[in-house]
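J.: Can you keep this structure in mind? I'll have questions shortly.
The values are calculated or read from the model by the stated rules, or taken from the named source; none is laboratory data. These numbers come from a predicted model, not from an experiment. FYI the Cβ positions are ideal-geometry reconstructions off the backbone, even for glycines, and counts take in every protein chain you see. We work out accessible area using only protein heavy atoms, side chains counted, and drop any ligands, DNA or RNA first. Shrake-Rupley method; radii C 1.70, N 1.55, O 1.52, S 1.80 Å.
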Amino acid sequence: MDSRPYSAIDISTNLHNKVTKSYAVKALKELHQKNEIECRVAGKQTVYHALQEELDESGPDAVAAMDVEIAILQEQLSALNDEEKKMQGELNALNAMPLLSELRVEVKRLEEEKEKLTASLAKMHGDGSTEVSPQEKEVVRKDWKIWQDQSRVRARICRDLWRKCSETLPEGMTREGLWESLGLEGSPM
């Protein structure tokens, strides 16, 4: 039986990089410390191989059993990798959520801001009634009358101007159509 030496890189490559090189190095060192495999230095690289007498004594049945065990372990490794990805996704989701302590600080800050705004609003509104002197009322009444008169005069000027502008309309055009085409608001005068 052949006992070919393998390095951690060979093992990682043979397993299609499903096992990292660093993990392979760690596992091989542990197996060597348990005297389950031999270790030799070949140049700058450490290589490992099975103990020769164990392989010779084991026979084909033991090799077949090891193949079955390897297949089972590879299936378990795939399941564990899937579980790791799932757990990593859950961890990322949990890390994206704000911490409870951060939420408490933010709620406290918002409550303080609300209290300040409520106090400011209450101060502005007072009890809701405002005393206005008769002189102020008269000034406001006179101003209101002036602005109403101005508004009526301007409305009359606008109506007259619109009538003059819409006296001659293009063929097939109505006053309402011209009003809409100019993008004017309200109803035509």
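J.: Only one of these is at pLDDT below 95, closer than 30 Å to Leu15 by Cβ and surrounded by fewer than 10 Cβ atoms within 10 Å (Cβ to Cβ): Asn92, Asn81. Name it.
T.: On inspection, the qualifying residue turns out to be Asn92.
J.: Would you confirm whether or not region 152-168 contains a residue that is surrounded by 11 or more Cβ atoms within 10 Å (Cβ to Cβ), aliphatic (A, V, I, L, M) and touching a helix residue (DSSP H, G or I) at 6+ places or on another chain (Cβ under 6 Å)?
T.: Looking through region 152-168, none of the residues is surrounded by 11 or more Cβ atoms within 10 Å (Cβ to Cβ), aliphatic (A, V, I, L, M) and touching a helix residue (DSSP H, G or I) at 6+ places or on another chain (Cβ under 6 Å).
J.: For the structure I just gave you, tell me whether Glu136 is open to solvent by 80 Å² or more (accessible area, probe 1.4 Å), among the acidic types (Asp, Glu) and assigned to a helix (DSSP H, G or I).
T.: yes
J.: How about region 66-124: which of its residues are under 29 Å from the mean Cα position of the chain (by Cα), among the hydrophobic types (A, V, I, L, M, F, W, C) and part of a helix (DSSP H, G or I)?
T.: The answer is Ala79, Leu80, Met87, Leu91, Ala93, Leu94, Ala96, Leu100, Leu103, Val105, Val107, Leu110.
J.: Something else about it: Just give me the residues in region 1-53 being part of a loop (DSSP other than H, G, I, E, B), small (Gly, Ala, Ser) and either modelled with pLDDT of 80 or more or more than 26 Å from Ser78 (Cβ to Cβ) (or both), in sequence order.
T.: Residues satisfying the conditions are Ser3, Gly43.
J.: Restricting to region 169-185, count the residues that are at positive phi and open to solvent by less than 70 Å² (accessible area, probe 1.4 Å).
T.: Final tally of qualifying residues: 1.
J.: Here are Ala64, Ala24: which of them is surrounded by 12 or more Cβ atoms within 10 Å (Cβ to Cβ) and either touching a residue at least 12 places away in the same chain (Cβ under 8 Å) or within 28 Å of Ala8 (Cβ to Cβ) (or both)?
T.: Among Ala64, Ala24, only Ala24 is surrounded by 12 or more Cβ atoms within 10 Å (Cβ to Cβ) and either touching a residue at least 12 places away in the same chain (Cβ under 8 Å) or within 28 Å of Ala8 (Cβ to Cβ) (or both).
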